[in-house]
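J.: Submitted below is the structure of interest, expressed as structure tokens.
The values are calculated or read from the model by the stated rules, or taken from the named source; none is laboratory data. What you see is a predicted model, and the numbers here were worked out from it, not measured in a lab. Here Cβ is always computed from backbone atoms with ideal geometry, including for glycine, and neighbour counts include all displayed protein chains. Protein only, heavy atoms only, side chains kept; ligands, DNA and RNA dropped before computing areas. Shrake-Rupley method; radii C 1.70, N 1.55, O 1.52, S 1.80 Å.
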Amino acid sequence: MSTFSAPKGTYDLIPPDSADFLAVREAISAPLRRAGYGYVETPGFEQVELFARGVGASTDIVTKEMYTLTTKGGDELALRPEGTASVLRAALQANLHRGALPVKLWYSGSYYRYERPQAGRYRHFSQVGAEALGAEDPALDAELIILAVDAYRSLGLRNFRLLLNSLGDAACRPAYRAALQDFLRGLDLDEATRERIEINPLRVLDDKREAVQRQLTGAPLMRDHLCEGCAAYHEQVRTLLTAAGVAFEDDARLVRGLDYYTRTTFEFVHDGLGAQSAVGGGGRYDGLSEMIGGPALPSVGWALGVDRTVLALRAEGVTLPTPSPTDVYAVPVGEEARGVLFGVLTELRRAGVAADFAYGGKGLKNAMKSAGRSGARYALVLGERDLAEGVVQLKDLHSGEQAPVALSSAVAEIRAKLS
């Protein structure tokens, strides 16, 4: 009989590597929780139209990368390729925008895109994201960027760079769009790219092909077409970041791969990852709510790749501290001792002590080997003589010292030693 494997372009998270992914998720979410962001979780699939409207019908994500399906009832659904549209949909559906603004939310989950698998790019990937809905304030843009930087720094990541740009708004982008279209129409581009010029010319700037990038030298830049309001807004974001000690690089060609961005746009890159250098990014999306049928709701957010962050940490040689999953390893000798010690084990766990057990009827020698491999600080050994005397042997697996403790007070004594 043939065995099964994970689908191409996907991966399984298993110990010990999974501990790094959990540590990254915790480190990214911790600053968000301190800043008042509440957790939101959305379905793994949504209506196709949500992403077609929000992400952009002309984007590669929608035209080439979405996994779509038709239900038995005829509904057209898509596995979520990104988080922002889903989170905004959930907030609008729950009428969160009718309460105090901004609505600050964070999320964590799996996302799906049909892409050519390569190092750092998967068809199933994990992100932690944050969205602040309902306020147009440069301090909110700066807050989110600072929270991401603080999360990376808390992990020990150092060699990342922050790229920053402004994409203007509905007042100034039309003139820039027209100027960019005039420039792009004069280039030697394939038919599909020429069609993109008419639909969304900014997407051409995001084209990673070298043959296209070579021709973009001299293309008009959004920063030269910003209206007074957008220019002042962007300068306030830059000032706030500088005051917070956050270094950034102005990147006038940064547009990102989604249609909904306005004004502030940013990306975190790590040069140790090769071609897939982006580890996260985001920006302001003041018109997305209206695109998906909601009221005007200026918003800003980001998503950071858990997979990419783990790869970046490994590229820098950063080893994340991971606590031992076991503090105490219980070793029974004999059936009667087994039942009594299992009761002690349960008490330990209920008292907040990480504890494991020598399952499977192992002999003492093999059980102690398992105790050593578990990473536990203490082994708790109980035999028939110990039972008769009302004690249990507590062995320090680091020093090798062993001493009897009363069964009735074993949990309290172990907690005291671990604290």
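J.: Taking region 114-148, which residues are surrounded by 20 or more Cβ atoms within 10 Å (Cβ to Cβ) and polar (S, T, N, Q)?
T.: Listed by number, the residues that qualify are Ser126, Gln127.
J.: Residue check: is Thr242 crowded, with 18+ Cβ neighbours inside 10 Å, over 21 Å from the mean Cα position of the chain (by Cα) and of a type in the set (S, T, N, Q)?
T.: Numbers: crowded, with 18+ Cβ neighbours inside 10 Å: no; over 21 Å from the mean Cα position of the chain (by Cα): yes; of a type in the set (S, T, N, Q): yes.
It is false that Thr242 is crowded, with 18+ Cβ neighbours inside 10 Å, over 21 Å from the mean Cα position of the chain (by Cα) and of a type in the set (S, T, N, Q).
J.: Separate question: Looking at Asp188, Asp182 in this structure, which one is open to solvent by 20 Å² or more (accessible area, probe 1.4 Å), assigned to a helix (DSSP H, G or I) and over 17 Å from Ala231 (Cα atoms)? It would help to see each step written out before you state the result.
T.: On the way: Asp188 fails: assigned to a helix (DSSP H, G or I).
Step by step, each of Asp188, Asp182 is checked, and only Asp182 is open to solvent by 20 Å² or more (accessible area, probe 1.4 Å), assigned to a helix (DSSP H, G or I) and over 17 Å from Ala231 (Cα atoms).
J.: Still on this model: Assess whether Val300 counts as being over 22 Å from Val24 (Cβ atoms), in contact (Cβ under 8 Å) with a residue 12 or more places away in the chain and of a type outside the set (Gly, Ala, Ser). Even if it seems obvious, please write down each step before you answer.
T.: Values: over 22 Å from Val24 (Cβ atoms): yes; in contact (Cβ under 8 Å) with a residue 12 or more places away in the chain: yes; of a type outside the set (Gly, Ala, Ser): yes.
The answer is yes for Val300.
J.: Can you pull out every residue in region 227-251 that is out of contact with any strand residue (DSSP E or B) (no Cβ under 6 Å at 6 or more places or on another chain) and either assigned to a loop (DSSP other than H, G, I, E, B) or β-branched (Val, Ile, Thr) (or both)?
T.: Cys227, Thr239, Thr242, Ala244, Gly245, Val246, Ala247
J.: Do the conditions hold for Tyr111, that is, is it open to solvent by less than 20 Å² (accessible area, probe 1.4 Å), over 30 Å from Thr193 (Cβ atoms) and touching a residue at least 24 places away in the same chain (Cβ under 8 Å)?
T.: Values: open to solvent by less than 20 Å² (accessible area, probe 1.4 Å): yes; over 30 Å from Thr193 (Cβ atoms): no; touching a residue at least 24 places away in the same chain (Cβ under 8 Å): yes.
It is false that Tyr111 is open to solvent by less than 20 Å² (accessible area, probe 1.4 Å), over 30 Å from Thr193 (Cβ atoms) and touching a residue at least 24 places away in the same chain (Cβ under 8 Å).
J.: Got a sec? Which of Asn200, Asn159 is within 32 Å of the chain's Cα centre (by Cα), open to solvent by 70 Å² or more (accessible area, probe 1.4 Å) and more than 24 Å from Ala232 (Cβ to Cβ)? Step through it out loud before you land on a result.
T.: Working: Asn200 fails: open to solvent by 70 Å² or more (accessible area, probe 1.4 Å).
Just one listed residue meets the conditions, Asn159.
J.: Something else about it: Output the number of residues of region 241-269 satisfying the condition of being at pLDDT 95 or above and over 18 Å from Ser299 (Cα atoms).
T.: 12
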